[in-house]
Amino acid sequence: MFSSRGLFAVPFGRTTKPAHIAKIKMKFRFLGKLMAKAIMDFRLLDLPLGLPFYKWMLRHEMSISSHDLVNIDPGVAKSIQHLEDIIRQKKRLEQDRSQVKPQQPSHLNRKSIRGLRI
């Protein structure tokens, strides 16, 4: 799949036929061999790979976070960031010692995502 944010593989569906999966695997093997040959020959390839893929290739997997989702799917990244914000707010409310314990659940019950109470 091509995106303006880089080149990414599309996941297989559950009903994908084994023959189709084998065909795609062959294409990935070819791409891997092409990239390896280009590296060995000190040649540049104009492949717009995504930033998370480069991090993975350089063995920096530990630095990949939910913020890297913006480079893959901005819509999903926004949803996950919103959920992370809610979790941080919940933890902040739970740790706030100035509030009496019975008041905390009412603050937590008022949290909503796009109009839906959580």
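The values are calculated or read from the model by the stated rules, or taken from the named source; none is laboratory data. Note that the coordinates shown come from a computational prediction; the quantities given were computed from them, not determined experimentally. When we count neighbours, we look across all protein chains shown, and the Cβ atoms used for this are built from the backbone with ideal geometry, even at glycine.
Kindly establish whether Val76 is under 30 Å from Met35 (Cβ atoms), touching a helix residue (DSSP H, G or I) at 6+ places or on another chain (Cβ under 7 Å) and surrounded by 14 or more Cβ atoms within 10 Å (Cβ to Cβ).
Working: under 30 Å from Met35 (Cβ atoms): yes; touching a helix residue (DSSP H, G or I) at 6+ places or on another chain (Cβ under 7 Å): yes; surrounded by 14 or more Cβ atoms within 10 Å (Cβ to Cβ): no.
So Val76 fails the test.
Which one is nearest to the chain's Cα centre (by Cα), of the residues in the stretch 30-58 that are of a type in the set (Lys, Arg), assigned to a helix (DSSP H, G or I) and farther than 24 Å from Leu69 by Cα? Before you say what the answer is, go through the steps one by one.
Quick first cut of the stretch 30-58, residues of a type in the set (Lys, Arg) only: 33, 37, 43, 55.
Of the ones still in play, those that are also assigned to a helix (DSSP H, G or I) are 33, 37, 55.
This time we only want the ones that are farther than 24 Å from Leu69 by Cα, so: 33, 37.
On the way: Lys33: 26, Lys37: 29 Å.
Of everything passing the filter in the stretch 30-58, Lys33 is nearest to the chain's Cα centre (by Cα).
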- request: Show the residue pairs that are 6+ apart or on different chains and have beta-carbon atoms under 8 Å apart, the first residue being within the stretch 66-94 and over 24 Å from Leu51 (Cα atoms), the second being outside any loop (DSSP other than H, G, I, E, B).
  value: Ile86/Ile113; Lys90/Leu108; Leu93/Gln104; Leu93/His107; Leu93/Leu108; Glu94/Gln104
- prompt: Here are some conditions: (1) surrounded by 12 or more Cβ atoms within 10 Å (Cβ to Cβ); (2) more than 20 Å from the chain's Cα centre (by Cα). Leu69 meets all but one. Which one does it not meet?
  reply: (2)
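Quick test for you: out of Val100, Val70, pick the one residue that is at pLDDT below 85 and in a loop (DSSP other than H, G, I, E, B). Full working, then the answer.
On the way: Val70 fails: in a loop (DSSP other than H, G, I, E, B).
Testing whether each residue is at pLDDT below 85 and in a loop (DSSP other than H, G, I, E, B) leaves just Val100.
Please go through the stretch 34-57 and pick out each residue that is more than 21 Å from Val10 (Cα to Cα) and either among the acidic types (Asp, Glu) or assigned by TED's automatic domain parsing to the domain that holds Ala77 (or both).
Step one: of the stretch 34-57, the residues more than 21 Å from Val10 (Cα to Cα) are 36-45.
The one that is more than 21 Å from Val10 (Cα to Cα) and either among the acidic types (Asp, Glu) or assigned by TED's automatic domain parsing to the domain that holds Ala77 (or both): Asp41.
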